[in-house]
Every structure is written in structure tokens, then in C-alpha cells.
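Input: a single structure, listed below in C-alpha cells.
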Amino acid sequence: MRIWIRLAISALLAMVAGTILCWWLFVVTLNPPPSHVLAALKYLVISGGTSLSLGTALLLLIARYVPRLSAKIWLACIAGSAGSLMVVLVTPYLMFAQQTDLRLLEVTLVYSLVIGLVFGLIVATLVTRQIMSLRDGAARLGSGQFNTRVEVRGNDEIAMLAETFNTMSTQLGNLFQRQQRLEQTRKDLTAAVSHDLRTPLTSIRAMVEAINDGVVSEPEKVKHYLALIAGESKHLQQLIDDLFELSRVDSDGMALRLSSVPVTELVAETVEGLQIQAEVKGVRLAARCAPDMPPLSLDGPRMQRVLVNLIQNALQHTPAGGEVCVEAGRVNGHVRLSVIDTGEGIEADDQERVFEQFYRGEKSRSRESGGTGLGLAIARAIVEAHDGTIGVESTPGRGSRFVVTL
């Protein structure tokens, strides 16, 4: 309703302004008698009001019953031209005495009408062409073609609409690709978890049945089976803990409990806590920290989990007699934590995927090495939650270097 009020006020103001302008032109340029001026203004107001009223009614009918935009624009041009003709013709017919002048005026106005209609047709074609392009693009987008783009012509409102459409199409495409990746990740995760749960459960069930059925009765062998069952149970517990941790760090609602953490102490405590595992493996575990390490705002327990996962991964793939070293230093204003091992290394094709959940392209993700295939994925998620980066540098046969930059 407000738009119609604004249009009515605009039309009224236009009539008032036009009447004042005509009165000024009459008085200044022609200097006619006052009676002639009043008569001319009277004719202009009557003809202008009539043309506006009839034109508005016609435009409303066109807007409601004409289906195509191009036809609406063209008919609106006709209505506008007809209204202008009425304003121009009524006054001369009432005031001109010479028929020759009237005929000349009629011919000129008919010619002007034809020119106006041609321009109206051109405008309608240009506008509807852009709109039809948007319609076709929307149809392709609706059919799933998220790479759809429409050509942007000019700088008007329709061009702005086309730019917005292209932006929307790009965002929808990115969301669709993300959804596909998430769906594939979900399928891979389900398959991997099912496999990693089935394997130890099958082993546990077989060994328990062997003991219960008396197939295994010798005390030493029963003790060995019980140790194997305990090991498989420990692996299951580790897998469940890692899945729980991964669900927490992958959640959008993961809240970090930040505090000032001395990096040197964090590294020293983590290395000290894993010394026994390193000794059992026959691997030397050491730490080297720069003397000027500043404290960082970190979630201490989570960042320690990152170091634990990286060190355990290094221990699993470093043979006896090898070395794992944790280094901490400053590079270009950032703190860099490195876990370096002298193990078997990682193939170049596998280095880009070692941080994926359950990726088994390389040996660091196999159950035989004792890992669940989630440790590096958890480490990446925690580091990225701290707005940091994590990467790997490795040469097969010469060891690996995992680098965390904060």
C-alpha cells in the first residue's frame, strides 16, 4: 500500500511542478493576457489529470493481466506515449484556430509515437534478455549444476542481481562439495570403525572359546591367551577413547580452555611421560628446546595430546636403536614444535593423506603397528582449533619430521 501512496504523491507533485513551469514560461516568453494564461493552465491541468488517471488504470490492468515482462514494458510505453499525446493534443484542439497547424501537430506527434514505441521495444528486449538469462541460470542451478554462472552486463540493478546470483551459485557449490566430502568421510569412518572393532572382538571371542572349551588348558598357554585378550581389550579401549576425542575436537562447539602455557615445560613433561614406552621399544627419546621460548595461550591438556600422538606415532615406526627427538624453537615470530624420528619414513603419495581419519595407505595407520588410525587426525584437529598448522616432511628410509606451527 505504501508504494501506491508514494506513486500518487509523486504524480501530484509532478503535476504541480509542471503547472508552475508552464505558467512561468507563458508569462516570461509569451507575455499573454492573464485570461489566456489561466485558460491554458486550466486545459493543461484537466488534460494532465485525465491522462494520468487513465494511464494509471491501464498500467494496473497491464500489470495484472499481461503475463510477459517484455509485453508489460512495451504496453507501458504505449500508455505513456498516449498520455503524453493527450496532454499535447487537448490544449491545441481547444485553443488553435488554424486547421493546418493542428494537422502538422498531429503528424509530428504520430511520428513521435512511433519512435517512442520502437525505443520501448528496444528497452523491453534488453531488460527481458537479462532476466531470461537469470531464469535459465536458476533452472540449471535447480537441476544441480552448481557451477552455473550468468553473464553480468552493465552496472544496473539487474547486473547486481546477476552478481548476487553468481555468488550464491558458488556458495551452494562449495556447500554441496563439502556435504559430499562429509558423506564420504562418514561412510569411510563407519567402515573403518566396523573393521577395527570386528577384528579384536573376533580374536577375543576365539581365545575365550578356546579356553572355555578346554582346547587350551596348559597354564602357560592360558596365561599367554589372557595376555593377548588384555592387549586386544586395550586396543579397543584406545580406539573408543580416540573416537570420543575426535568427536569432541571435530565438533563446532569445541571450547578451548586457554591459559598461559610454558612451552619448554610442556615438551619436557610430555617426553618424560613417554620415556618408558621408548625404553621398551629400544628407542632413544630426547627433547631440545631453545632457551628463549615464550609462554603461549594454549589449551594445555589438548596440546599435550598432540605431542603424545606425534611421539607415539614416531615410536611405532622407529626401529630399536633409533632416535626420536622433540624440538621447540621460534621461526619468523611463531613457535615451532617438531617431532623427528629415524624410522622408515613415509612415501610421497601418502604424506598428503596421513592426517585423514583411518587412512591406511602407509604403515603408520596399520593395526600391526599398534595405532588406531586416528592419532594424527586428532592432532590436526586440535592444532587447527588453535589457529595453527601441522605438516610432515619425510624421505622413505630416512625418517620423518612432523612440524606444528603456532
| Quick one: length gained pulling ALA39 to LYS187 fully straight, 0.36 nm per residue minus the C-alpha distance? | 44.7 nm
| How far apart, in nm, are two points set 7 Å out from the Cα along the Cα-to-Cβ line at ASN332 and at ALA286? | 2.8 nm
| Fully extended, how many nm does the chain gain between GLU272 and ILE5 (0.36 nm per residue separation, minus their Cα-Cα distance)? | 88.1 nm
| said: List the lysines whose Cα sits under 22 Å from the Cα of LYS281, skipping any in the same chain fewer than 8 residues away. | reply: LYS234, LYS363
| field | Label-point gap, in nm, between GLU218 and ARG353 - each point 7 angstrom along Cα→Cβ | value | 4.4 nm
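So how do ILE390, ILE5, ILE131 line up by other beta-carbon neighbours within 10 Å, fewest first? Numbers along the way, then the final one.
On the way: ILE390 20, ILE5 9, ILE131 15.
Placing the least packed residue first, the sequence is ILE5, ILE131, ILE390.
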| remark: Per-residue Cβ contact counts at 10 Å, fewest first, order LYS42, LYS223 as LYS223, LYS42
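Every read-out reported here was derived from the displayed coordinates using simple, explicitly stated rules and does not represent laboratory data. In this text the structure is predicted, and so the values were computed from the model without any measurement. Cβ sites come from the backbone with ideal geometry, for glycine too, and all protein chains shown count toward neighbours.
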